[in-house]
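I have placed the structure first, in the form of structure tokens, so that the comments after it can refer back to it.
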Amino acid sequence: MAAVDVIHAVMTDAARLNRAWYEARLADGLGDGEYVEIVGTVVALVSIDRFCRGIRTPEHPLPSARPGDPSRYRAASAVPDEA
């Protein structure tokens, strides 16, 4: 449910998200890497979809899921910051 809360908040009230809200999602069981993936995916998809709507072209279909587990790669430079 924490993932759905993140998606909903990013879509409807992103300006009000803060560190306390983020930490509450972690306390709900969401990993910090999962949080970053969710936010990045939602922002990319919404931006592309809204652009397509703005220029009145069909939205791009989502790609098929790939088999296998995620790599869980994390760059050494990936550290908590302001955003």
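Since every read-out is calculated from the coordinates, none of them should be taken as a lab result. Since we're looking at a predicted model, the values are computed, not measured. So basically every Cβ, Gly included, is an ideal-geometry build from the backbone, and we count neighbours across all protein chains shown.
Three principal axis extents describe the C-alpha atoms of the chain; from largest down they are 40, 35, 27 Å. Across the chain, Cα pairs under 8 Å and at least six residues apart give a relative contact order of 27 percent.
In plain terms, the residue of 81, 28 with the fewest other Cβ atoms within 10 Å comes first and the most crowded comes last, giving 81, 28.
Over the chain, with a Gaussian network built from C-alpha contacts below 10 Å, which listed residue (53, 66, 19) shows the highest mean-square fluctuation? Result: 66 has the largest fluctuation of those listed. Listing 43, 4 from fewest to most neighbouring C-beta atoms within 10 Å gives 4, 43.
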